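**Q** Quick one: the structure is below, questions incoming.
Please treat every number below as a calculation from the coordinates, not as lab data. Bear in mind that the values here come from a model prediction, so they are computed numbers and not experimental data. Using ideal geometry, Cβ is built from the backbone for each residue, glycine included, and neighbour counts are taken over all protein chains shown.
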Amino acid sequence: MRAACITQLEGPDAIEVLDLPDPTPRKGQVVVAVEHAGLNFPDLLMSRGLYQIRPPLPFAPGGEIAGRVAALGEGVTDFEVGDRVLALTFFGGFATQVAIPAAQLTRVPESMDLETAGAFAFTYATSYHALVDRGRLSAGERLLVLGAAGGVGLAAVEIGAALGAEVVAAASSDEKLALCAAHGATHLVDYAKQDLKEALKALGGVDVVYDPVGGAYSEPSLRALRPGGRHLVVGFAAGDIPAVRLNLVLLKQCEVVGVAWGSWAVANPHRHRANLDALFALHAEGKLRPHISRRYTLDEVPQALRDLDERRVLGKGVIQVAAG
Ligand SMILES: NC(=O)c1ccc[n+]([C@@H]2O[C@H](COP(=O)([O-])OP(=O)(O)OC[C@H]3O[C@@H](n4cnc5c(N)ncnc54)[C@H](OP(=O)(O)O)[C@@H]3O)[C@@H](O)[C@H]2O)c1
């Protein structure tokens, strides 16, 4: 098999496509012939050794895949060769084949094509868990999404709108904000041009902040919370981890809520599966329309990660693994 591997923890340029032996499925495992693998920010962090998961070198990044079952290990009865499946791999997905426990596979519904399936679960399941399980977002509440045109951000915009929230999208360009408007945001803030604090004050505050960016945007967003508001700490794409003084939490009568979806999904597989089913239903109803803006081959994985690093990917990028 071919795999785009991190050979040294020196960022996107240290990724090489290697020819490796094909995996054979162990007991309870399935080998999937990967067709599409979604691109996510943790792939970039892993290339620098900055993510909480640090597999031994060399390893392929790639946290989610979709493809067809190619071989079954002993004891696997739930799947057949040729079944359309998606899986959260956390790493190893930028490869033509992956061996994975059958319990980690999800059948792709007929209503979803395999490319969408390869770019769906990581971001949509993160944002659904954040907004529903952790944020308790209700219809009629106002939701602010930072980095709203990014992978988890655009998923949060769509899910928020589908749940009946009023969505305020904050992003860094007109093109990004137009995409957010097309996916359900009704208020737009360009934080590269506007003062975020003033813009949110003029809007009259928000009930929930979805924050995958951190840096200088977190504190003005938390300050915009109405009493009883929730600030969802999702990630730090800007690089800086902000320090917020706790008196602000008291004065705002708000909650600061940590979101660690991957660990939660592993510890709560049944609830995670129920969330995926809810997301598949929203997709089948046309309420979620995942946006894939860039496509790459396995050889182009370094470019894909550079594009993420330089904020050029709108919605999702996908590695078209089967394309060569
Ligand atoms: N907690 C969890 O369970 C969980 C799960 C998945 C992902 N995450 C985290 O969520 C964050 C976003 O992931 P993603 O896959 O959605 O990434 P993404 O598609 O690259 O989106 C990140 C967005 O952040 C904004 N940004 C601001 N400063 C940036 C910078 N210096 N570099 C890159 N982007 C910057 C960009 O929007 P603008 O240009 O509009 O500012 C970009 O669209 C990451 O930190 C990731 O690790 C957390």
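**Q** Counting only helical runs of four or more DSSP H residues, what would the 222 nm mean residue ellipticity of the chain come to if each run contributes -39,500 (n - 2.57) and the total is spread over all its residues?
**A** Computed mean residue ellipticity for the chain: -8000 deg cm²/dmol.
**Q** For a quick check, take a GNM of the chain with Cα springs below 10 Å and name the residue from Gly135, Gly164, Gly235 with the largest mean-square fluctuation.
**A** Gly164
**Q** Follow-up. What would the Debye formula give as log10 I(q)/I(0) at q = 0.15, 0.17, 0.19 Å⁻¹ for the alpha-carbon point model of the range 176-324, no solvent?
**A** -1.08, -1.30, -1.42
**Q** Most mobile of Phe236, Phe120, Phe94 per a Gaussian network model of the chain (Cα springs, under 10 Å)?
**A** The residue with the greatest mean-square fluctuation here is Phe236.
**Q** Based on C-alpha coordinates, I'd like the Rg and Dmax of the range 13-86, in Å.
**A** Spelled out, the Cα radius of gyration and Dmax of the range 13-86 are 14.4, 41 Å.
**Q** Further, regarding this structure: For a quick check: sort Thr123, Thr116, Thr297, Thr186 by the number of other beta carbons within 10 angstrom, fewest at the front.
**A** Listed from fewest to most nearby Cβ atoms, that is Thr186, Thr297, Thr116, Thr123.
**Q** Moving on. Counting only C-alpha contacts under 8 Å and six or more residues apart, can you give the relative contact order of the chain as a whole percent?
**A** 18
**Q** Follow-up. Give, in nm to one decimal, the length gained when the segment between Ala278 and Arg107 is fully stretched (0.36 nm per residue of separation minus the Cα-Cα distance).
**A** Full extension of this stretch gives 60.2 nm more.
**Q** Sticking with this structure for a sec: Below 8 Å, C-alpha to C-alpha, sequence gap of six or more: please give me the relative contact order for the range 1-120 in percent.
**A** 32
**Q** Using a Gaussian network model of the chain with C-alpha springs under 10 Å, which one of Ala265, Ala37, Ala169 is most mobile by mean-square fluctuation?
**A** Ala265
**Q** Could you work out how far the C-alpha centroid of the range 231-249 sits from that of the range 50-90, in angstrom?
**A** A separation of 33 Å, based on Cα centres.
**Q** Could you give me the percent of Cα pairs per 10 Å distance bin for the chain, shortest bin first, beginning at zero and ending with the bin that holds the maximum distance?
**A** All Cα pairs considered, the percentages come to 6, 27, 34, 22, 9, 2, 0.
**Q** How big is D, in µm² s⁻¹, for the range 139-210 by Stokes-Einstein at 20 °C and 1.002 mPa s if Rh is the Kirkwood radius over C-alpha pairs?
**A** Numbers: Rh = 11.5 Å.
The Stokes-Einstein estimate is 186 µm²/s.
**Q** Okay, moving on. Where the convex hull is taken over the Cα atoms of the range 23-66, what is its projected area averaged over directions, in nm²?
**A** 3.9
**Q** Next question, about the same structure. May I ask for the equivalent-ellipsoid semi-axes of the range 102-141, computed as the square root of five times each C-alpha gyration tensor eigenvalue and listed largest first in whole Å?
**A** Those come to 25, 13, 9 Å.
**Q** Over the Cα atoms, compute the radius of gyration (one decimal) and Dmax (the largest Cα-Cα distance, rounded to a whole number) for the range 85-216, in Å.
**A** Taking only Cα atoms of the range 85-216, I get Rg and Dmax of 16.5, 52 Å.
**Q** Calculate how large, on average over all directions, the projected area of the Cα convex hull of the range 256-312 is; give the answer in nm² to one decimal.
**A** Details: hull surface 26.1 nm².
Mean shadow area of the hull around the Cα atoms is 6.5 nm².
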